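These notes concern the structure reproduced below.
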Amino acid sequence: MPPSSAPSLRDLALLRSARDRMDREYARPLDVEALARGVHMSAGHFSRQFRRAYGESPYQYLMTRRIERAMALLRRGDLSVTEVCFAVGFSSLGTFSTRFAELVGVPPSMYREQGADPFEGMLPCIAKHVARPVRNREAPPGPVPVP
């Protein structure tokens, strides 16, 4: 990336605060315009700089956070798929199921049925890396591999 297109240090600090907000408030209604306003940037500039800094759009980042949290709630097993859907900030069960299947490779109901935590006993930092959803329909079809 040419130096002129790289985010400035000031922009990087602002982008990090927006990313931290997405991490904290993933279950709340967030959109690019609101996130950009929160860091005093236009939506277009914010989106371009976020992608340059983190390699994905703000929307993709937020969806990944929501799906990661949904995976943890589904592994716990005490909530229905619908309850998980709304708990992580989706307003439509259909959208949730579609995005979940795209990123994880199986529908949320199948993921929930698999039950026990396959990451039990694993260091949390390693489990988070291994369990991170895959973007861009790269998830392999079929059951989630158990380490």
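Points worth noting:
- 18 Å reach of a label modelled at THR98, 7 Å along Cα-to-Cβ, counting backbone N of the stretch 35-77: 59-64, 66-67
- What separates the Cα centres of the stretch 80-98 and the stretch 8-37 is a distance of 22 Å.
- Estimated vicinal HN-Hα couplings, Hz - the stretch 18-32 in sequence order (Karplus 6.51, -1.76, 1.60; Gly, Pro = x): 5, 5, 4, 4, 4, 5, 7, 10, 3, 7, 8, x, 10, 9, 4
- Listed from fewest to most Cβ neighbours within 10 Å, the set TYR61, TYR54 follows the order TYR54, TYR61.
- Per-selection Kirkwood Rh - the stretch 3-55 (Cα, Å, 1 d.p.): 11.1
All of the numbers you see were taken from the coordinates with simple rules; none came from a lab. Since this is a predicted model, take the numbers as computed values, not measurements. Virtual Cβ from ideal backbone geometry, glycine too; neighbours counted across all protein chains shown.
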